[in-house]
């Protein structure tokens with residue numbers, strides 16, 4: 001072998017090693033499945049492709065957990081992981097699935113709404129690929145994803161995303177954002193098929209209340225709030241006042257702007273029978289001026305730069321040395337969700353939705369998120385669904 | 001359809017760069033540059049990222 005061939009072989013070997021070193025962790029993350037234990041209230045597990053056939057066989061298809069009540073009543077849909085870098089939504093949904101028992105009505109829960117996004121990441125921001133939650137029996141691992149679906153599943157992006165059906169011009173990347181592609185269409189891009197599936201679920205099952213659970217930056221004005229359109233604002237206001245009076249935390253109401261299209265809190269109500277609500281809990285991890293994006297920051301929400309900004313009154317939420325930990329964020333989401341169901345049931349007695357077994361804010365703050373997560377290894381046969 | 005076309009373009013570029021890598025005789029710096037440019041293209045073809 002001459003000198004030139006030796007050099008090229010060495011370079012090619014280094015190239016292959018570099019590809020494997022960089023690519024294999026991403027490959028494993030994309031194929032990592034999260035177990036969710038079917039709690040005592042789960043009566044069926046469906047697939048979103050049953051409502052949007054274009055999703056069948058794609059990464060974007062996802063599980064729908066049905067918790068059918070003992071008595072008839074209203075119907076609700078709870079959505080987590082619309083943005084997979086806001087895990088308080090997914091964890092709220094998982095806690096409901098693993099602990100909730102529906103006494104009246106039916107609850108549909110989609111814990112990983114943007115399944116493709118939950119298998120994506122943001123290497124440029126140094127995102128962790130997983131995070132572990134400490135539980136009473138050990139640690140439970142979850143995928144940490146990205147705001148948008150993976151370009152492996154929907155590619156290429158257009159120069160400008162033209163929203164369907166309003167034709168509003170949105171940022172190109174929002175074509176992979178399942179909180180811009182509502183109400184979707186059966187034959188649109190993959191993420192429009194996802195939101196179309198959820199719209200079909202709401203239309204066919206006659207869902208009364210739809211709650212989309214998110215997290216938002218402390219420096220973003222629409223944070224620590226319930227976003228509601230005109231149709232839902234009364235219930236949202238009552239829920240906000242009640243959680244403040246009874247549970248002691250702020251969660252104000254933000255109006256859903258009618259001129260900004262594609263968002264769940266706008267399109268769900270405009271194109272289906274449900275009253276939409278979008279919950280935002282403050283997540284310091286998403287703020288730009290923070291230290292490294294570590295799992296510690298994700299879990300405890302403590303950051304010295306945000307603390308400094310808070311003292312300069314640059315944040316939209318109170319912030320001190322205690323940060324904004326995961327248990328507080330998930331606890332807020334669960335309490336507000338339960339309060340929305342309670343207020344809806346008071347207003348519409350014949351369509352009431354009554355759920356027991358789901359912890360509230362104080363329970364989460366006291367016991368932590370992990371206390372309410374089941375151990376998949378102890379579940380009975382057939383009691384675990386991989387997501 | 002557009003996605004298939006983009007994958008075809010990516011594969012074409014990988015072949016082009018690979019061929020240039022094999023044919024390059026004089027400029028060693030260019031060998032490294034060919035490989036660096038190929039990284040995202042190969043990852044895309046392997047559907048890793």
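What follows is calculated from the coordinates using simple rules that are stated; it is not laboratory data. Just so it is clear, the structure is predicted and the values come from calculations on it, not from any experiment. All Cβ positions, even for glycine, are placed from backbone atoms using ideal geometry, and neighbour counts span all protein chains on display.
The fewest-to-most ranking of A:191, A:34 by surrounding Cβ atoms within 10 Å reads A:34, A:191.
Per residue of chain A, what 222 nm ellipticity follows from adding -39500 (n - 2.57) for every DSSP H run with n ≥ 4, rounded to the nearest 500? Mind dumping the intermediate values first?
Values: 9 runs with 118 residues, N = 387.
Dividing the helical sum by the residues of chain A leaves -9500 deg cm²/dmol.
In this rough spin-label picture, where each label sits 7 Å from Cα along the Cβ direction, the residue A:132-residue A:24 distance is 2.0 nm. With neighbour counts taken as other beta-carbon atoms within 10 Å, the residues A:261, A:185, A:329 rank, fewest first, as A:185, A:261, A:329.
Of all the options A:348, A:195, A:337, the one that moves most in a Gaussian network model of chain A with Cα springs shorter than 10 angstrom is A:348. Given R0 = 45 Å, the distance between the Cβ atoms of residue A:103 and residue A:31 translates into a calculated FRET efficiency of 0.70. With one equal scatterer per alpha carbon and no solvent term, the Debye-computed log10 I(q)/I(0) for region B:2-45 at 0.17, 0.18, 0.30 1/Å reads -0.47, -0.51, -1.02. With kT/(6 pi eta Rh) evaluated at 37 °C and eta = 0.692 mPa s, and Rh the Kirkwood radius from Cα pairs, chain A diffuses with a coefficient of 153 µm²/s according to Stokes-Einstein. Once the chain from residue A:157 to residue A:366 is taken as fully extended at 0.36 nm per residue, the excess over their C-alpha distance is 70.8 nm.
As a proxy for reagent exposure, ranking A:51, A:130 by other Cβ atoms within 10 Å from fewest up yields A:130, A:51.
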